[in-house]
Amino acid sequence: MSRFSTRTDWDVGESSFAAAVREARAAAKHGGRPLSNLTVSNPTKCGFAYDAKALLAPLKDERALMYEPEPRGLVSAREAVAKYYAGHGAGPGEGVGVEDLILTTSTSEGYSFLFRLLCEAGDEVLAPQPSYPLFDFLADLDDVRLKSYPLFYDHGWWIDRARLEGAITERTRAVMVVHPNNPTGHWTGAEERAWLEELCVRRGLALIVDEVFLDYPLGEGGAARSFAAGNHAALTFVLSGLSKIAGLPQMKAAWIATLGPEDAKREALARLEMIADTFLSMNAPVQLALSSWLSRPSWLGGAGAIQGQIRERAGRNYGVLRRLAAENSERLQVLEADAGWSAVVALRGWTGEGDLAEWLVRERGVVAHPGGFYGMAERNRVVVSLIGPEREFVEGMRRAVGL
C-alpha cells in the first residue's frame, strides 16, 4: 500500500520536450545555438514599465497591522472589485454587488472552492478543450472528474454544442467556460452564451466562467461582454483576478462573483462563505491595496498603463504573425484569435516524426508550447505567447517558419 494519496499520483517525470529544452539551453550556455523563447508569458519579466512607487505604496497601510477576519474579504476590497465590474456594464443592480463577491488568493483557489461547493467525490465538471491543463490537477485534488467538450476551428473557434450536451450525465454538476479561452483566444459570443445559459437551466447545472483575459482584445473587435453583466437565469460563477487584469501574478488576489436566481445565489454564497472562512486565505496588505491597484488611472487606464502596454505588445506581435502567415501561406497558418496573450499556429505540411514543438527546439532553436499540452490532437500546432519582447518574437517566429 502506498503512503500517498492516489489523487496526487501524477507522472512527474521529464517529458521528451522538456528534455529537449533543457539540453538546448545547456548547449546555448556553452557557445551553441541561442534559443528563441516564444513561451514567455510572465508580464513581470517581459520588459513592461511598472510604476513601482505607486504599486508598492498601498502595501504600507498601517491598518494591515490589525487582524480583522472577513470570510468574504474586506468590504473596501470587494467594493473595488464591484467598481471594476461596473466598468464592464455589470454594476450593482445590473450584475455584481459587493455582497456577491468572495475574495480568494487565486483563480485556482476559486475553482477549488467551487468544486467543493458543487460536487461530491466522483461528480463531473465539463471543461473546454483546447484549454489550460491546470484544470486537470485542480479537479484531481478535489476528487472531481473533469470531462472535456471540444472547441472546433472553422474560420474562428466555436463550441461543439452537440458534443457538449452529449457529455452531460447524471453526475455532471457544472459547465466551465473560459472567456476568452486560453490558448485559442475564443470569445464566447452572445448566441453561445444564451445557449449555454439555457442548457444549464434546462439540465440543472451551474455555469463557471473564467474571465481573466477579458481586458485583452486582439485586433479591431473590441472588448467582449462580461458574463457578469445582464440577467442570469442559471446559477453563475465568474472568476478573475489581478494576475491578468493588472499584470500582477505575484500579488495573489482573485475573486468569485456569484450570480443567478436569488434563492440559489443566496444559498451558494452562504456555503462559499463557510468554505472561505475555513481557509481565510487572502492577506490584509493585499486586500487593503486592492482598491488602489484597481482604481488608479495611471496604473490601469491612463497613459503608460500596464493594460495598455500589454495590449499594444500583444497586438503588435499578433500583427507580425498575421503578416508572416500572409507572406508564407504555404508554410504557416495562424488560427484566428479574438483576445488574450497567446496564439495557436500551425506549420503547414510538417510531416516530421514525434512532436512539432520538440522538433522546433532541436532543429531550429525555437521554444513554443506543444499543442498537445492544451489538448490539441493536431500534431502540427504549437502555442506561442504574444507578450514577449517584439524583436525576440519576430526572430523566433522567422526561425520557426524557416526564414
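The values are calculated or read from the model by the stated rules, or taken from the named source; none is laboratory data. Just so it is clear, the structure is predicted and the values come from calculations on it, not from any experiment. Every residue, glycine as well, gets a Cβ built from its backbone with ideal geometry; the counts of neighbours run over all protein chains shown. For accessibility, only protein heavy atoms count, side chains too; no ligands or nucleic acids. Shrake-Rupley method; radii C 1.70, N 1.55, O 1.52, S 1.80 Å.
Values computed for the structure shown
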{"read-out": "Cα-Cα over 21 Å, subset of Lys60/Lys83; Lys83/Lys252; Lys60/Lys252; Lys45/Lys252", "value": "Lys60/Lys83"}
{"read-out": "Antiparallel DSSP beta bridges within the chain, percent to nearest 5", "value": "55"}
{"read-out": "Nearest-20 debye value, segment 270-380 charge dipole, Cβ charges on Lys, Arg, Asp, Glu", "value": "380"}
{"read-out": "FRET efficiency, 1/(1 + (r/R0)^6) with R0 35 Å, evaluated for Phe137 and Ala54 via beta carbons", "value": "0.50"}
{"read-out": "Leading residue at positive end of dipole, segment 61-150 (Cβ point charges), from Thr104, Gly122, Ala82", "value": "Ala82"}
{"read-out": "Net charge dipole size for segment 199-337 [Lys, Arg +1 and Asp, Glu -1 on Cβ; Debye, nearest 20]", "value": "220"}
{"read-out": "In degrees, nearest ten, helix 107-118 long axis to first principal axis of the chain (Cα)", "value": "50"}
{"read-out": "With 10 Å bins from 0: P(r) over segment 80-131, alpha-carbon pairs, percent", "value": "21, 34, 36, 9"}
{"read-out": "Formal net charge of residues neighbouring Trp359 (Cβ-Cβ distance under 11 Å; K, R +1; D, E -1)", "value": "-1"}
{"read-out": "Choice from Ser148, Ser243, Ser295 showing the highest fluctuation, given a GNM over the chain with Cα pairs closer than 10 Å", "value": "Ser295"}
{"read-out": "Within the accessible area of the chain (1.4 Å probe), percent carbon and sulfur", "value": "50"}
{"read-out": "C-alpha center-to-center spacing [segment 354-403, segment 188-226] in angstrom", "value": "29"}
{"read-out": "Cα point-scatterer Debye curve for segment 101-170, base-10 log of I(q)/I(0) at q = 0.22 Å⁻¹", "value": "-0.99"}
{"read-out": "Residue with peak Gaussian network fluctuation, the chain [Cα springs, cutoff 10 Å], from Thr169, Thr236, Thr39", "value": "Thr169"}
{"read-out": "Inter-centroid distance (Cα atoms) of segment 1-71 relative to segment 145-184, Å", "value": "28"}
{"read-out": "Extent along principal axes [Cα atoms of segment 149-271; Å; largest to smallest]", "value": "39, 38, 25"}
{"read-out": "Whole-number D in µm² s⁻¹ for segment 103-218, Kirkwood Cα-pair radius fed into Stokes-Einstein, 20 °C, 1.002 mPa s", "value": "148"}
{"read-out": "Dipole of the chain, positive direction: furthest Cα of Pro370, Gly230, Pro217, with charges on the beta-carbon", "value": "Pro370"}
{"read-out": "The chain - charge dipole about Cα centre, Lys and Arg +1 at Cβ, Asp and Glu -1, debye rounded to 20", "value": "1280"}
{"read-out": "Cα-only Debye scattering, the chain: base-10 log of I(q)/I(0) at q = 0.12 Å⁻¹", "value": "-1.02"}
{"read-out": "Solvent-accessible surface (1.4 angstrom probe) belonging to Arg381, in square angstrom, nearest 10", "value": "40"}
